[in-house]
1. Of the conditions (1) part of a loop (DSSP other than H, G, I, E, B); (2) touching a Phe, Trp or Tyr at 6+ places or on another chain (Cβ under 6 Å), His122 clears all except one; give me its number.
2. Kindly evaluate Ser78 against the criterion of being modelled with pLDDT under 90 and within 30 Å of Gly14 (Cβ to Cβ).
3. Could you list, ordered by first residue, the pairs with Cβ atoms under 6 Å in which the first is in the range 233-254 and under 19 Å from Gln214 (Cα atoms) and the second is assigned to a strand (DSSP E or B) and not basic (Lys, Arg), at least 6 apart or interchain?
4. Does Ala48 satisfy the criteria of being in a loop (DSSP other than H, G, I, E, B) and of a type in the set (Gly, Ala, Ser)?
5. Could you please give the count of residues in the range 174-206 that are small (Gly, Ala, Ser) and within 16 Å of Ser2 (Cβ to Cβ)?
6. Counting only residues that are open to solvent by 10 Å² or more (accessible area, probe 1.4 Å) and either out of contact with any Phe, Trp or Tyr (no Cβ under 8 Å at 6 or more places or on another chain) or among the small types (Gly, Ala, Ser) (or both), which one in the range 26-40 is farthest from Pro218 (Cα to Cα)?
7. Whether any residue in the range 181-191 is within 30 Å of Glu109 (Cβ to Cβ), open to solvent by 20 Å² or more (accessible area, probe 1.4 Å) and within 15 Å of the chain's Cα centre (by Cα) is what I want to check.
Amino acid sequence: MSEIKIENVTKRFGSFTAVNNVSLTITDHEFMVLLGPSGCGKTTLLRAVAGLGMADEGRISIGGKDVTYLPPRERRISMVFQSYAIFPHMNVFDNIAFGLTMQKLPRAEIQTRVRQAAELLHIEQMLDRYPSKMSGGQRQRVAVARAIAMQSQVLLMDEPLSNLDALLRLEMRAELKRLLAELGATTIYVTHDQIEAMSMGDRIAVMRDGIIEQVNTPTTVYDYPANQFIGGFIGTPPMNFLMGQVQRRDGSVVVQLGDHSVAPKPEMASLLAGYDGKPIILGIRAESMETLASPAGDALMACVLVVEPLGSQNLLTVAFGAHRIKVSTHPSFETRADADVWLRFPADKIRWIDPEAKRTLYPK
């Protein structure tokens, strides 16, 4: 068992609280991603789990054992750092074997583990090579192989792909996901890249200002963000936000967006009725809107400002009133700057957000 339980953990640096009363459980063999902007506390929390920065309050357990105040060597963990942290004066074999050598394992076992890890990362032909003769991607593979060779209960990864170029990052992301699924290790992966988080994690814990805002599967966090921050942080492009006003009309509830009105789903109407006469934020993804080239009675007219052909899609920046939003269309949809398009907002794709609390409203 290698379940990780983080209970009410707080970490301070002087008067600054980097991690604020965080609780999180990572189940056995789960791949958990800590996602958030720089300075949100995700690396500080990871280091507390690793024992590299002791928590000021709270409790951390690994496999049912309280490790809150144990040194790293007694936690049975491996860690992969953002900066690779491999030794330039050692060849690949010795770099991978370093932790095993420190444990004084038999030479035969060290050789077996190193070769197994190298084969998993496809660097078995480079064991005699020195880091200075390797690319960034190859050095990253060495760092991951060193962690895997330790056969630890827990694998901790701190933005391991952030130093790689975009194409190599894409390749390594797929390799790493395959590898970790094969190993079945309990993994905590820290990143600020929401694409990495969405594509790799079993679950995502979104952090901001030292607290966890939402924990769920990537699809759920994307489709049902808990608040405006998450909707705006996750997604490329991020979720669009439009300010409207709730109005009652003939016993029905609608939201007025300038001259256009939007009807919420029936199960949301009763919830929005409490906002009658008040502002409300409409959130919708760029790909969730239906785009038309000609007028329709229930569609909102917008003017195209910019067309960005991206191959698999066209990304439009459109304007209506004071609003500027992003709209994703099929590449075959023909339009140009200064042209008019008409947009439909499917009721089941809209997320309604309280403008004061910034939290998303969902029916109970």
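1. (2)
2. no
3. Close Cβ pairs satisfying both conditions: Met239/Gly283.
4. Spelling it out, it is not the case that Ala48 is in a loop (DSSP other than H, G, I, E, B) and of a type in the set (Gly, Ala, Ser).
5. Here the count works out to 3.
6. Checking each candidate, the answer is Gly39.
7. no
For (1) outside any loop (DSSP other than H, G, I, E, B); (2) at pLDDT 90 or above; (3) open to solvent by 40 Å² or more (accessible area, probe 1.4 Å), each residue gets a yes or a no:
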residue	(1), (2), (3)
Ile96	yes, yes, no
Gly99	yes, no, no
Ala108	yes, yes, yes
Val114	yes, yes, no
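The values are calculated or read from the model by the stated rules, or taken from the named source; none is laboratory data. What you see is a predicted model; the values in this text were computed from it and never measured. Reconstructed Cβ throughout: ideal geometry from the backbone, glycine too, with neighbour counts over all protein chains shown. Only protein heavy atoms, including side chains, enter the accessible area calculation; ligands, DNA and RNA are left aside. Shrake-Rupley method; radii C 1.70, N 1.55, O 1.52, S 1.80 Å.
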